[in-house]
Amino acid sequence: MATVGFWALVVLATVVSLGTAWTLGANSNSPPFAPAIGANAISTMRAAFLIGILAALGALTQGGSISETVGAGLIDGVAITSLAATAGLLTATAFMAFGVYSGYPVPAAFATTGAMVGVGLSLEGDPAVGTYRRIATFWVLVPPVSGGLAYLTATILRRDDIPETVGVPLLAAVVGAIVANVELSVIPSGPGATQNSLAGLGGDIVGLSPVAGVEPTVAVVTVAFAAVSFQFIRRRTRESVDSGIRTFLVVLGSVVAFSSGGSQVGLATGPLENLYGAELGLPSIVLLAIGATGILGGAWMGAPRLLQATSREYASLGIRRSIAALVPGFIIAQVAIALGIPISFNNIIISGVIGGGLAGGSAGVSRRKIGVTLAFWVVTLVSSIAVGFGLYRVFAVVLGG
């Protein structure tokens, strides 16, 4: 029978998780709409409202895979207890709070991953070496891939022989094709699956045999989404280039904000996976709903001030460089969600900004700033492991966990 102490830990862990989600909603989910605000395409308060709604929806419909990785995939041989989850969340939140108040680039994914590895090792669990290798490979690839995609995007938008009435709609077509294949838990899926995409649903309904490994209906739906997206933005840019670009910025900001919710919520809910699933016997949607609520509150209460600041930064970057930074963000975030890999959204955006800047002749790209950022990423990961390990040991001695 559960004791009073157990329920006290459940409440404490849940409150800390909500606080972590609130912090993520106020900070990590804000950048996607900053370019649209800088271009006067949407007001700050309306953007904050949309960020909250979209990020919360992304958390509910896409956050399960990363939450599971953070909660159960980082350590083998032991389950994360309520006390260990509390220690991990407190460690990660402390690192994120330090980053917010100090201005240093502390990535939430690095802090949370390190903290959960630390508490897991403190529980005498075994390192999940295969998972570490997969996550590390993805993290190492993020800067060059994000920067490279941003460089390519910015180069296309800057070419004189590719008018904006073609270049911008082409990017919209790419985004539309990806949206058609984004897997969501609310879309009916086949046996043994928990998520499906609109293209996949079309394939399930029609049921054609694959051709060269590709289901024809999936390809048709994907192309249809791309064509509709292309035509919609092309019509807007033909009426007015500025109006078309502003529309694309709002649409792009919306899908990126949705993706950020799906990729970030697991950092707040993952440590509680074992507590809510195994010990309390609750479905995963309950835990995701708690994370989504925290993200929603953080976006509505904390995002407006950050949006005003970041929108000025994006305005100084220019519209093309802003678009170039967000397109890779959307692509990489969706790949990470599909693979269940925790990521730092700011890591992706910073790399994209650098890549877009290089397309303009390296303007605004500081090697020193890049070096400091990379150093803090490594320091955050290593030190959060140590702090998480030590904090749980202290909790176990004092509270008897």
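Tabulated data for the structure shown
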read-out	value
Within the accessible area of the chain (1.4 Å probe), percent carbon and sulfur	67
Tail beyond 39 Å, pair distance distribution of the chain (Cα, percent)	18
Cα gyration tensor category, rounded, prolate or oblate, for region 215-314 with a/c compared to 1.5	oblate
Region 238-279 residues near the modelled R46 label - backbone nitrogen below 16 Å, point 7 Å along Cα→Cβ	243-255
Check: region 232-308 dipole with +1 on Lys, Arg Cβ and -1 on Asp, Glu Cβ, in debye	580
3J(HN,Hα) from dihedral phi, region 163-176, Karplus parametrisation 6.51/-1.76/1.60, rounded to Hz, x for glycine, proline	x, 5, 6, 10, x, 5, x, 5, 5, 4, 5, 4, 4, x
Chain lengthening between R235 and A338 when straightened (0.36 nm per residue, less Cα-Cα)	33.8 nm
Listed peptides 127-136, 7-16 by packing density, highest first (mean Cβ within 10 Å)	7-16, 127-136
Per-residue [θ]222 nm for the chain (sum of -39500 (n - 2.57) over DSSP H runs n ≥ 4, rounded to 500)	-26000 deg cm²/dmol
Heavy atoms of V228 accessible to a 1.4 Å probe, total area in Å² rounded to 10	100
For peptides 141-148, 240-247, 45-52, 328-335, sequence by mean Cβ density within 10 Å, most packed first	328-335, 45-52, 141-148, 240-247
Separation of alpha-carbon centers, region 123-191 and region 1-69, rounded to whole Å	21
Relative packing of peptides 55-68, 378-391, 268-281, 159-172 - highest average C-beta neighbours within 10 Å first	55-68, 268-281, 378-391, 159-172
Accessible surface, per residue, of the chain when the full set of protein chains is kept, probe 1.4 Å, Å²	43
Charged-residue dipole, Cβ positions (Lys, Arg, Asp, Glu), the chain about Cα centre, Debye nearest 20	1240
Built amide H within the under 5 Å cut-off of L184, gap 5+	N196, S197
Hypothetical label at D76: residues of region 110-151 whose amide nitrogen lies under 11 Å (7 Å Cα-Cβ projection)	126-132
Estimated distance in nm for a label pair at L152 and I205, the labels positioned 7 Å out from Cα along Cα-to-Cβ	3.2
Positive-pole candidate from S254, V186, V228, dipole of region 140-280, charges at beta carbon	V228
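The values are calculated or read from the model by the stated rules, or taken from the named source; none is laboratory data. The structure displayed is predicted, hence computed values, not measured ones. Positions of Cβ are backbone-derived with ideal geometry, glycine not excepted, and every protein chain shown enters the neighbour counts. Heads up: the accessible areas ignore ligands, DNA and RNA and are worked out on the full protein's heavy atoms, side chains in. Shrake-Rupley method; radii C 1.70, N 1.55, O 1.52, S 1.80 Å.
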